[in-house]
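Data block below; observations after.
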Amino acid sequence: MAGDSILVFGATGPAGISLLRELLYRKLPALAYCRNPSKIPEDLTSNSLLEVVKGDMSDRKAISGAIAKSRAIISLLGPSSPRQPKNTEFADYYRTIVPLMKEHRVGRILALGTTAMYRPDDQSSVSRAVMSTLIKVVASGAYHNILAIQDYFEHLDESSIEWTVFRVGNLLSRGLLINSARLDKLAIFLYL
Ligand SMILES: NC(=O)c1ccc[n+]([C@@H]2O[C@H](COP(=O)([O-])OP(=O)(O)OC[C@H]3O[C@@H](n4cnc5c(N)ncnc54)[C@H](OP(=O)(O)O)[C@@H]3O)[C@@H](O)[C@H]2O)c1
């Protein structure tokens, strides 16, 4: 294990800020690696348990430095826009992060996925199937990226990394966001 902090990627969206708030409430040292630190509210940045590091996801050296201070990673990275190009940008971030975890002996990562990711033991759900199809049609780049994350982790051949991809549904409204984020947090803290 490299350091004491829980490293959060994607910390500056509403779910990320909720997560940081929860980590600090639980007195867990946290490190937010983000490209827009000013999005993190002052009541969080003033907490001595939180370190904020500015950087983007192409800066391997800065990401390495952040991972070196961490004991586990929670990533809420995902496409923010329906206009996301049909590429593997977000899976590629894990292609940077995971080898650095190995290098720094950080063995635990929880990464955001969505209900577009199917598993053979999933129960059938009409609303989920409709939502998934809709996203595939109206936000095909985001859909493609999410499936690329699933593909990356399911084919990861690295026994030193314990990974969980947790799948979220709709985080759209403020009330839903809080409720969904709480559910995610429950899952996250069960795994930490
Ligand atoms: N809203 C929904 O209904 C919904 C549903 C399913 C899944 N999700 C996923 O849930 C996650 C959290 O939701 P949210 O509403 O809190 O997210 P959000 O407002 O879209 O924020 C996403 C976070 O990821 C960061 N990010 C996105 N693209 C990045 C890139 N290319 N490089 C570096 N950082 C990047 C953002 O940084 P910046 O602040 O710098 O942009 C932000 O911290 C998102 O990944 C989203 O894809 C959302």
By how many degrees, between 0 and 90 and to the nearest 10, does the Cα long axis of helix 126-138 differ from the longest principal axis of the chain?
80
Amide proton proximity set for Ala72, modelled H, under 5 Å, gap of 5+
Leu7
Taking one equal scatterer on every alpha-carbon of the chain, how large is log10 of I(q)/I(0) by Debye at q = 0.08, 0.09, 0.12 1/Å?
-0.25, -0.31, -0.57
Which residues does a label at Thr96 reach in the stretch 18-34, if reach means a backbone N under 13 Å from a point 7 Å past the Cα toward the Cβ?
33-34
Between the stretch 97-173 and the stretch 1-21, what is the C-alpha centre distance in whole Å?
18
At 7 Å along the Cα-to-beta-carbon direction for both Asp56 and Asn36, put a label point, then send me their distance in nm to one decimal.
1.4
Ranked by Cβ crowding within 10 angstrom, fewest neighbours first, how are Phe90, Phe153, Phe166 ordered?
Phe166, Phe153, Phe90
What residues from the stretch 1-42 fall in the zone where the backbone N is under 15 Å from a label point 7 Å along the Cα-to-C-beta line of Glu162?
1-2
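Which order do Arg108, Arg95 fall in if you start with the one that has the fewest other Cβ atoms within 10 Å? Working shown, then result.
On the way: Arg108 18, Arg95 11.
The order, fewest Cβ neighbours first, is Arg95, Arg108.
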Only counting other Cβ atoms within 10 Å, I'd like His155, His144 sorted with the fewest neighbours first.
His155, His144
Taking Cα atoms, how many degrees apart are the long axis of helix 14-25 and the longest axis of the chain, rounded to 10 and kept between 0 and 90?
40
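Every number here is computed from the coordinates shown, using simple stated rules; none is lab data. All values reported here derive from a predicted model rather than from experimental measurement. Virtual Cβ from ideal backbone geometry, glycine too; neighbours counted across all protein chains shown.
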